[in-house]
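Participant: I'd like to ask some things about the structure below.
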Amino acid sequence: MAQMDTIPVSRDYKSIMVLPAPYDFSINGKELNFLESFPAKSVSRKAERMVLLSYNDVAPDTTDFTNYTVYTRDGRAYDFILELVDIPVKKRWTITADMVDNLEELNERQGNSELVESDLASPPDVGGTMTPTGTVGEKLEVTPEKGIDGEPLPLTRELYVMDRMEYIRRRCYYNQFNKGKILRYVAKFGDVFLWLENVYYENNEIYLQFRLENREHIDYDVNFIKFSIATNYKNSSSNIKTEHKPLFRYKVPQKVEGNSENHFMVVFDKFTLDRRKLLTVDLDEEKGNRNLSLDIDHLVINNPIGFKS
């Protein structure tokens with residue numbers, strides 16, 4: 001179901017991945033060292049299929065590697081190893097489609113002899129930055145993902161055992177726009193707001209559902225979002241803040257256009273907090289000062305709700 005290869009990445013050159021279908025999301029084992037970037041969306045539709053990879057030039061490592069899985073919107077996953085090198089022998093990687101038999105079967109059922117690029121790009125972009133026609137506060141709904149037989153893809157225990165990350169991805173997909181039940185957890189800078197909408201628990205994971213709302217006219221470019229566990233007495237000399245890395249990030253935005261909003265989810269391995277600890281969310285704006293910091297106390301983390309289905 002997936003293709004494995006090693007892609008060399010350097011500090012001074014960008015390695016370009018050209019995917020067979022539009023990019024959906026990725027899992028990067030060392031996202032602070034191996035960096036992703038994307039061409040401007042206004043360039044062309046082909047830009048949706050390109051991922052630019054480079055290595056953080058401030059990282060002290062001289063040798064490094066990590067796992068990297070990229071998902072495309074047609075539901076396929078491609079597994080790679082990213083490796084730090086001085087000069088890559090190849091700077092452009094054209095990724096070929098896998099699961100050919102399944103695609104041909106799908107085409108026959110649809111009466112098509114060929115699956116063209118427009119078909120691959122046709123699924124709606126749910127969870128990304130809203131299009132300019134959308135408005136802040138607009139109700140968004142998710143159309144269930146469908147398998148080849150046209151039925152919604154099930155969330156089963158068997159799927160969780162066989163492919164935990166795919167189960168988590170689907171769970172995020174189905175619940176990213178749930179109505180928020182947590183009212184008072186929000187960080188703001190001017191008219192930019194980071195809302196914690198819900199905290200869920202299932203199997204061995206904690207799911208945090210967020211909404212990043214930009215009511216200003218200037219786009220909000222995300223530099224990074226980090227999570228830390230800290231003591232809840234910040235001004236004390238004994239305050240300790242330790243980074244808490246997520247297991248999975250779903251639709252975390254790179255940009256939120258003016259007068260729009262973005263819904264995303266972040267998943268952690270199961271954890272709890274004592275009454276003296278907080279989960280701190282730090283959102284940093286690239287080339288800007290509209291930085292947000294949201295503290296989530298132990299009562300919220302330790303009392304999550306379950307998914308309805």
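The values are calculated or read from the model by the stated rules, or taken from the named source; none is laboratory data. Since the model is a prediction, treat every value here as computed from it, not as a measurement. Here the Cβ is made from the backbone with ideal geometry for all residues, glycine too, and neighbour counts use every protein chain on show. Ligands, DNA and RNA are excluded from the accessible area calculation, which covers all protein heavy atoms including side chains. Shrake-Rupley method; radii C 1.70, N 1.55, O 1.52, S 1.80 Å.
Participant: Would you pick out the residues in region 57-80 that are modelled with pLDDT of 90 or more, over 27 Å from TYR167 (Cβ atoms) and open to solvent by 20 Å² or more (accessible area, probe 1.4 Å)?
Facilitator: THR63
Participant: Restricting attention to region 222-233, report how many residues are open to solvent by less than 50 Å² (accessible area, probe 1.4 Å) and not polar (S, T, N, Q).
Facilitator: First, pick out the residues of region 222-233 that are open to solvent by less than 50 Å² (accessible area, probe 1.4 Å): 222, 225, 227-231.
Restricting the remaining residues to those that are not polar (S, T, N, Q) gives 222, 225, 227, 229-230.
Summing the residues that are open to solvent by less than 50 Å² (accessible area, probe 1.4 Å) and not polar (S, T, N, Q) in region 222-233 gives 5.
Participant: Further question: Counting just the residues of region 172-206 that are of a type in the set (D, E, K, R) and more than 14 Å from HIS263 (Cα to Cα), which one comes out nearest to the chain's Cα centre (by Cα)?
Facilitator: Looking at residues that are of a type in the set (D, E, K, R) and more than 14 Å from HIS263 (Cα to Cα), I get GLU205.
Participant: Looking at LEU53, LEU84, LEU19, which is the one that is touching a Leu at 6+ places or on another chain (Cβ under 7 Å) and among the hydrophobic types (A, V, I, L, M, F, W, C)? Give the derivation first.
Facilitator: On the way: LEU84 fails: touching a Leu at 6+ places or on another chain (Cβ under 7 Å); LEU19 fails: touching a Leu at 6+ places or on another chain (Cβ under 7 Å).
Testing whether each residue is touching a Leu at 6+ places or on another chain (Cβ under 7 Å) and among the hydrophobic types (A, V, I, L, M, F, W, C) leaves just LEU53.
Participant: Looking for something hydroxyl-bearing (Ser, Thr, Tyr) and either in contact with a Gly (Cβ under 8 Å, 6 or more places away or on another chain) or part of a loop (DSSP other than H, G, I, E, B) (or both) - is there at least one such residue anywhere in region 73-94?
Facilitator: The answer is no; no qualifying residue exists.
Participant: Can GLU48 be described as buried (at least 17 other Cβ atoms within 10 Å of the Cβ) and at pLDDT 90 or above?
Facilitator: no
Participant: Can you find a residue that is surrounded by 14 or more Cβ atoms within 10 Å (Cβ to Cβ), touching a Ser or Thr at 6+ places or on another chain (Cβ under 9 Å) and over 24 Å from LYS30 (Cα atoms) anywhere in region 265-277?
Facilitator: Yes, the conditions are met somewhere in region 265-277.
Participant: For the list (1) in a loop (DSSP other than H, G, I, E, B); (2) in contact with a His (Cβ under 9 Å, 6 or more places away or on another chain); (3) modelled with pLDDT of 95 or more, I need the number of the one condition that ARG290 fails.
Facilitator: The failed condition is (2).
Participant: Before we move on, is GLU166 modelled with pLDDT under 90, assigned to a helix (DSSP H, G or I) and more than 20 Å from the chain's Cα centre (by Cα)?
Facilitator: Answer is no for this residue.
Participant: Given (1) at pLDDT 85 or above; (2) in contact with a Lys or Arg (Cβ under 6 Å, 6 or more places away or on another chain); (3) more than 27 Å from ASP269 (Cα to Cα), identify the lone condition not met by PRO123.
Facilitator: (1)
Participant: On to the next question. Could you tell me which of the residues LEU155, LEU194, LEU212, LEU208 is open to solvent by 20 Å² or more (accessible area, probe 1.4 Å) and either out of contact with any Gly (no Cβ under 7 Å at 6 or more places or on another chain) or at pLDDT 95 or above (or both)?
Facilitator: Sole residue among the options that is open to solvent by 20 Å² or more (accessible area, probe 1.4 Å) and either out of contact with any Gly (no Cβ under 7 Å at 6 or more places or on another chain) or at pLDDT 95 or above (or both): LEU155.
Participant: Can I ask one more? Scan region 243-264 for residues that are touching a helix residue (DSSP H, G or I) at 6+ places or on another chain (Cβ under 8 Å) and open to solvent by less than 40 Å² (accessible area, probe 1.4 Å) and report the count.
Facilitator: Going through region 243-264 one residue at a time, the tally reaches 3.
Participant: Return a yes/no flag: does region 234-242 have any residue that is surrounded by 16 or more Cβ atoms within 10 Å (Cβ to Cβ) and touching a strand residue (DSSP E or B) at 6+ places or on another chain (Cβ under 8 Å).
Facilitator: No.
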